[in-house]
1. Can you confirm whether region 82-97 contains a residue that is modelled with pLDDT of 90 or more, in contact with a helix residue (DSSP H, G or I) (Cβ under 9 Å, 6 or more places away or on another chain) and not basic (K, R)?
2. Quick check: anything in region 25-46 assigned to a loop (DSSP other than H, G, I, E, B), out of contact with any Cys (no Cβ under 6 Å at 6 or more places or on another chain), acidic (D, E) and at pLDDT 90 or above?
3. Filter region 47-61 down to residues that are in a loop (DSSP other than H, G, I, E, B) and touching a residue at least 24 places away in the same chain (Cβ under 8 Å) and give me whichever is farthest from F84 (Cα to Cα).
Amino acid sequence: MKALIAVMLLACFIAPVHAHKVVGGVYAIGSLIEGEAGFSNGDMAHEGTVVTVTDAQNQPLGTSVIDTQGMFQFQATQQQDHHFHIELGAGHVLNLTLPANELPDSLGRDKAAASSEDLSAPATAKNQYPEQDPQVLADLVERAVAKQVTPLRKEIAALQAQRGLSDILGGLGYILGLVGLGMYFRYRKSTNA
């Protein structure tokens, strides 16, 4: 009986776990790559944190800096995988990748080839109004959609992190409940014998 009471008292004094993990994401808006970095508890990365950008062969492409809202931007110049490495302090490291297929096909095209295509195209095929250029329209639509989708991606990442923590805590509670039942039946068996 004393052991059962001791387990029940210990269960009452178990403090909630405040563990957090690093979370983030990168999104292409045309050739501009936007990203965010923070923790699953809602804290964002500190302003001024350096973001190192490399290609698939770990060759440096450049750096960026996190702003006050935990966001950063990087202008892509080639359609290739971009790897982002962020050290958030206290041993927390976030590595993110933006695949090449999320960047526009027009990135990194040879300018000579592009200009020869323009010269060989018939004059009637050229659009006199740049705002009606299909590529410009596609870029505008992509930016508008990305602007609306970015907050949704943040919410999804936060919900996934919360669900993981609640599942862990629920599992621990379930285990403690089973231990308590086992001790109760063991106690009843010892008193009836």
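The values are calculated or read from the model by the stated rules, or taken from the named source; none is laboratory data. Source: prediction; values computed, not measured. So basically every Cβ, Gly included, is an ideal-geometry build from the backbone, and we count neighbours across all protein chains shown.
1. Yes.
2. no
3. The qualifying residue farthest from F84 (Cα to Cα) is T49.
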